[in-house]
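Data first, discussion second: the structure below is written as structure tokens.
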Amino acid sequence: MSSLCWWLLSGAILLEVAGTTCLKISHGLTRALPAGLVIVFYAGAFVFLARAMKGLEMGVAYAVWAGTGTALTATIGILLLGEGFHWQKILGIACIIVGVAALQSVRG
């Protein structure tokens, strides 16, 4: 069950990142397709997150979901959306990755 929960959490992360990316390209929810995808992706992310939490500690699951999603979203912003690339941003992303790795090591 625990392995399945981590796969579900991974799916939740990817859906949340896709939803957040669509939120950005929807230009304030004024573009219909990306705005609709925001709803679909976020709904899917919460369903997967809820299922993952059946077998994972809430604090660990939420921290990994939020932290990994934040790091991936910031990376997509830099690489695909032309957002600023500053050493402070990279340091912050690195700290998030280290924190997520620490939490995953507690997989009790």
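Rounded, prolate or oblate: which fits the chain when a ≥ b ≥ c are the square roots of the eigenvalues of the alpha-carbon gyration tensor, with rounded for a/c under 1.5 and prolate only if a/b beats b/c? Note, shape of the chain comes out oblate. Suppose each label sits 7 Å from its Cα in the direction of the beta carbon; what would the residue 43-residue 6 distance come out to in nanometres? For residue 43 paired with residue 6, the spin-label model returns 3.1 nm. Largest mean-square fluctuation among 33, 14, 72, in a Gaussian network model of the chain whose springs join Cα atoms under 10 Å apart, belongs to 33.
On the basis of the beta-carbon distance and an R0 of 22 Å, residue 50 and residue 102 show a calculated FRET efficiency of 0.35. A straight chain from residue 58 to residue 74 at 0.36 nm per residue would run longer than the Cα-Cα distance by 3.4 nm. In whole angstrom, the range 13-56 maps to an equivalent ellipsoid with semi-axes of 24, 8, 5, each derived as √(5λ) from the alpha carbon gyration tensor and ordered largest first.
Only the coordinates and a few stated rules stand behind these numbers; no lab work does. Predicted model only: the values in this text are computed from it and were never measured. Positions of Cβ are generated from backbone atoms using ideal geometry, with glycine treated the same way; all protein chains shown enter the neighbour counts.
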